[in-house]
Amino acid sequence: MRTALALLLTLAPAAAQTTWYVDVNGVAPGTGTPSDPYTSIQYAITRPSTSYFDTILVAPGTYVENIVSTNELLRIRSTHGPLHTTLRAATTGAIAKLDSSTELDGFTITGFIPGGGGLNFGVVHLLDAQLRNCVVRDNAGQALFAQYSVNVERCTLVNNTSLMSVDTFTGSAWLHECITDAPLPHVGGNAGLFADYTIADFGVTPTTPLEHGDTPESFGVGNLDVDPQLWDENGGDMRLRPGSPAIDAGNPASPLDPDGSPRDIGAVPYDANYLPAPVVYCTSQTNSLGCAPAIGSSGIASATSASPCFVTCSNQINQRAGFLFYGYAP
């Protein structure tokens, strides 16, 4: 009987795994094909044709919706990563609630709307699920809530009201190669919180010992309690500055970054060629000639560039002295 059963299982066809396509700039509702994509992630999740272990591949854009995936074991992945793909809240509650090994990969998650009654467990509510290569930023709420076994890998979690909580009875959360500006929380009961190759506020100062142990290594290896040196955390630019301690500081056993260097910590790998575009902050007053002076620039502000960078001022009164202040932050 066991032999016959084994033969029957061997001959049974394997379940097909399908890739469904989503593009917010498509024509709604779409059919989920590359030429006629769905226009909503949640719509793709709830289609009867979407089945276990399917992949939902999401094109760049801003998706204003709250998504819920339960029991589908889906892989929800952006094609171009968190710098180009944003998931923004449309209503109160978790922006993403994921269950049963569902994986969310490569999104910026922001715009959490508190309230609405009941309990808001977090901007991202993970139940036995995985969050990878995501930026969770600028939310008036707790970034993560973890139930059962949760993996958070290569994520950047900054400017949220708090980092996370772990369910006291059922929670175990692992932070791998993550960046956060918030303290790691206490966990109680049967819960567990583990971190390795992670930059966080571990509570280390010359006079204050760690709350969780003697060193950041109490959580695991490779942890750092330092400024990750993001380009503009308050302005939403999560790229790494030159000289950031996160560069090449990930797990040596991890796959290499796209440029072939050792793994960086955080959701956005270091790009040596990146320079943010100049931003004009002030609004000028009209001068005695009836003109509004304006500041501008051309070229790239780089010490290694062969071309000069020009800072210009226009519509100013002739033969007047100017003052230029140069710094590393707005």
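The values are calculated or read from the model by the stated rules, or taken from the named source; none is laboratory data. This is a predicted model, so every value here is computed, not measured. Using ideal geometry, Cβ is built from the backbone for each residue, glycine included, and neighbour counts are taken over all protein chains shown. The protein model used for the area step is the full one, side chains on, heavy atoms only, and it has no ligands, DNA or RNA in it. Shrake-Rupley method; radii C 1.70, N 1.55, O 1.52, S 1.80 Å.
Tell me, which residue of region 130-153 that is over 21 Å from Thr92 (Cα atoms) and surrounded by 24 or more Cβ atoms within 10 Å (Cβ to Cβ) is modelled with the highest pLDDT?
Going through the qualifying residues, I end up with Val152.
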Which one is surrounded by the fewest Cβ atoms within 10 Å (Cβ to Cβ), of the residues in region 39-58 that are farther than 15 Å from Arg75 by Cβ and either hydroxyl-bearing (Ser, Thr, Tyr) or under 25 Å from the mean Cα position of the chain (by Cα) (or both)? Ser49
Scan region 59-81 for residues that are crowded, with 18+ Cβ neighbours inside 10 Å and more than 22 Å from the chain's Cα centre (by Cα) and report the count. 1
Only one of Ser307, Ser254, Ser288 that is of a type in the set (Ser, Thr, Tyr), touching a Lys or Arg at 6+ places or on another chain (Cβ under 8 Å) and in a loop (DSSP other than H, G, I, E, B): Ser254
Return the only residue of Asn133, Asn160, Asn190 being within 20 Å of Gly222 (Cβ to Cβ) and touching a strand residue (DSSP E or B) at 6+ places or on another chain (Cβ under 9 Å). Asn133
Does Gln316 meet the test of being open to solvent by 60 Å² or more (accessible area, probe 1.4 Å), in a loop (DSSP other than H, G, I, E, B), more than 30 Å from Thr108 (Cα to Cα) and in contact (Cβ under 8 Å) with a residue 24 or more places away in the chain? yes
Expected single match for outside any loop (DSSP other than H, G, I, E, B), at pLDDT below 85 and open to solvent by 60 Å² or more (accessible area, probe 1.4 Å) among Glu211, Glu217 is Glu217
